[in-house]
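In what follows, a structure is listed as structure tokens, so that the remarks can point back to it.
The values are calculated or read from the model by the stated rules, or taken from the named source; none is laboratory data. Note that the structure is predicted; figures quoted are calculated from it, not measured. Glycine also receives a Cβ, built like all others from the backbone with ideal geometry; neighbour counts cover every protein chain displayed. Only protein heavy atoms, including side chains, enter the accessible area calculation; ligands, DNA and RNA are left aside. Shrake-Rupley method; radii C 1.70, N 1.55, O 1.52, S 1.80 Å.
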Amino acid sequence: AGEDGTLAKSIDGLLETFSVELGDLTSGENSPIREGIKKQMADMAKKLMDDFSRETKKQGDQMAELLDPKNAKSPLREIASKLENVDKSLAGVKEQMLEKSVTATALEDTAKSGAPYEELVVSAVQQIASLASDVCTSTGNSTGLVKNSKKGDGVIELKQGDRNVARIVIEAKNRAVSMPDWNKEISGAKDNRGAIAFVGFSKYLNDMPNKGRIMMIDRLTWLVAYDPENDSPELLLVVYQMIKTNTLAAAGNLSEDKVSTVNAILDTVFAEVKHFDGFVRDSAAIRNTADGMWKQLQAVRSGILDSLYSIQATLRPEVQPLELEGKSQREIEE
């Protein structure tokens, strides 16, 4: 039983034998324990991938169900239902707006459609007047100097510095008006608004007494065919400058030499406008020469603008007409 005894030697021998055999079992490429461990690792990896694939598919199916608006359990079902209701409501609103648009278009073709056209004309004149530091006020719904009279859709106050030096009254008619009827409107509007000049607007050429673009009754009374939605603002610029210059002269706010020079320029502009109308009528009948006529129209247009610049130079510094100097053609149109 001692350390050097038979028992101790026997146990040491058994342990050494076991150690050698254990080494043989665990060492080498084909050892049983090594192969067992590899097989267990492979089984574990396969099980892990199978579980992962199964859970992924399960989650994908659940997500698809949640995102399907037709699924009763999907939170999107309620949202889809609300969107359908919104879509139906929008369709109803769109249909109502279309009905109103059709109704408005139909009314515009009647004699009662003056109010919308009046608003468009007054708004366009207000923009032009503001460029010249003048003020245009809508007056169509208010009575004037004459008791119970609302004649005169707008009033332009011509200014020199802070002073109002003269008034121009405007009237818009979205229907054909005879010359006798225009004369009544002119007299009544001037008296009612305390104006010395008058500009009457018709929407279409055929509504004008002379079937033309511009009709000058006298230096202080003009009729114009002008549609703010379709016609160029340059026409309104020209008319505004014409009537403003003549009004200032009549009010004694321009010297005689400048009035003479300006009137000569205005006569040229007026001839250009008549020429312009001739091209418009011709272009409707002669389509095959449209390109050539367009170049001529551009030349006429440039001539009108040059005349406006000349007016500005002539009137400075006593009167400040439209502030066009230094502006491009596109800025003027805007």
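Just to check your reading of the model, which residue among Ala91, Ala104 is under 30 Å from Asp153 (Cα atoms), part of a helix (DSSP H, G or I), at pLDDT below 75 and under 24 Å from the mean Cα position of the chain (by Cα)? Talk me through it step by step, then tell me what you get.
Working: Ala91 fails: under 30 Å from Asp153 (Cα atoms).
Of the residues listed, the single one that is under 30 Å from Asp153 (Cα atoms), part of a helix (DSSP H, G or I), at pLDDT below 75 and under 24 Å from the mean Cα position of the chain (by Cα) is Ala104.
Go through the residues of the range 132-150 one by one and say whether even a single one is open to solvent by 50 Å² or more (accessible area, probe 1.4 Å), in a helix (DSSP H, G or I) and either aliphatic (A, V, I, L, M) or touching a residue at least 60 places away in the same chain (Cβ under 8 Å) (or both).
Within the range 132-150, none of the residues are open to solvent by 50 Å² or more (accessible area, probe 1.4 Å), in a helix (DSSP H, G or I) and either aliphatic (A, V, I, L, M) or touching a residue at least 60 places away in the same chain (Cβ under 8 Å) (or both).
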